[in-house]
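These notes are about the structure you will find just below.
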Amino acid sequence: MPILAIVNQKGGCAKSTTSVHLAYWLKAQGHSVTVIDADAQRSSSIWIDGLKDITLPIHVIQSPDELLEQIPDIAATHDYTVVDGPAGISESTRAILFRADLAVIPCQPTGVDLRSAADAIKLVRQAQSVRNGPPDARVFLSRAVKGTRLKDEAIALLEKSGVPVLNTVIHQRQVVADTFGQQATVFNLAGKPAVESSAEFESLFKEVVEVL
């Protein structure tokens, strides 16, 4: 069963937001889904614990050895396993990439984030070399501001990374930033901004599933 790893060495790039929304969306499609929270801040596990309208099994695993050992067994009993990776280049990230089928790398359109994404891509390349193929990898632009030149420049730079860039861009909206505090996702919030963000996330996740 597919293991989807959301990874990037930089905190605040939307790893947990993407992980929780992806797991929620897959569950809403009728799949059995579990989440592995490998981040020391435990954002995704705390977030999922607070969701009121859906139940998702969560595993908090941060040790590299435990990740290597437990991820395959956990994935074997679910249609999809979503792994929220830790911040920083760590052995835990490497362990996740040694088990993942697809690495999804969120990246904000700033110079610091683009460099961070390049480091994450380097880790993916190392794992691909060791494993002689997997994991597959995709990058997408998150928290982008509409109509800015910076967004277009970031996309152009990411396209030169050697890792395919997903077409969907997740734009910066306050409703997305508020979801953790409201113990919700944009999929179950009202209002035009939530509807627009829901459409973007759904488009992104359809692309992710198509890669598999």
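The values are calculated or read from the model by the stated rules, or taken from the named source; none is laboratory data. Predicted, not measured: the structure shown is a model, and the values here were computed from it. No Cβ is skipped: glycine too gets one built from the backbone with ideal geometry, and neighbour counts run over all protein chains shown. Keep in mind that these areas ignore ligands, DNA and RNA; they rest on the heavy atoms of the full protein, side chains included. Shrake-Rupley method; radii C 1.70, N 1.55, O 1.52, S 1.80 Å.
Key figures for this structure:
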{"quantity": "Listed residues VAL104, VAL20, VAL60, most fluctuating in the chain (Gaussian network, C-alpha, under 10 Å)", "calculated": "VAL60"}
{"quantity": "Fraction of accessible area attributable to carbon and sulfur, the chain (%, probe 1.4 Å)", "calculated": "50"}
{"quantity": "Gaussian network model of the chain, Cα within-10 Å springs - most flexible of PRO106, PRO193, PRO134", "calculated": "PRO193"}
{"quantity": "For the chain: rounded, prolate or oblate by the Cα gyration tensor [a/c cutoff 1.5]", "calculated": "oblate"}
{"quantity": "Relative contact order, percent, the chain [alpha-carbon distance under 8 Å, six or more residues apart]", "calculated": "24"}
{"quantity": "Per residue, in Å², the accessible surface of the chain once ligands and nucleic acids are set aside, probe 1.4 Å", "calculated": "44"}
{"quantity": "Global form of the range 122-212, assessed from the alpha-carbon gyration tensor, a/c cut-off 1.5", "calculated": "prolate"}
{"quantity": "The chain: calculated mean residue ellipticity at 222 nm from DSSP helix runs of at least 4, using -39500 (n - 2.57)", "calculated": "-14500 deg cm²/dmol"}
{"quantity": "Reachable lysines, given that their alpha-carbon falls under 16 Å from the alpha-carbon of LYS122 and they are not under 8 places away in the same chain", "calculated": "LYS10, LYS160"}
{"quantity": "Shape of the range 159-212, Cα gyration tensor, a/c cut at 1.5", "calculated": "prolate"}
{"quantity": "Net charge, ILE58 excluded, C-beta distance under 11 Å - Lys, Arg +1, Asp, Glu -1", "calculated": "-2"}
